[in-house]
1. Can you compute the helix-only [θ] at 222 nm over the chain? Use -39500 (n - 2.57) per DSSP H run of at least 4 residues, normalise by all residues, nearest 500 deg cm²/dmol.
2. How far is helix 54-67 tilted, in degrees, relative to the longest principal axis of the Cα atoms in the chain, given as a value from 0 to 90 rounded to the nearest 10?
3. Debye sum, Cα scatterers, the chain, no solvent: what log₁₀ I/I(0) at q = 0.14, 0.17, 0.19 1/Å?
Amino acid sequence: MTKTIAKISNSHGIIFDSTLLQLARMKPRDEVNVEVHPGGTITITPLIPQEISASAATDAAARLIANNSELFKRLS
């Protein structure tokens, strides 16, 4: 997808249309991490907090313990 850098007041920016935001699973006012890499490549990564329900956390913990029971026995 090609975008053009636009002048916005005294700054410059790229307009993210609704399709681009949906593809990135972002919405207005979301925080992002911006990195500039050698060679000038820029990456924009959404900082979306991962929310997990109590039941999903319990299930994940049970799987972790079941899959690593020998390790936990040795550590205790």
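1. Theoretical 222 nm ellipticity from helices: -10000 deg cm²/dmol.
2. 60 degrees
3. -0.71, -0.84, -0.94
Each value in this text was obtained by applying a stated rule to the coordinates, not by laboratory testing. Worth saying up front: this structure is predicted, and the values here are computed from it rather than measured.
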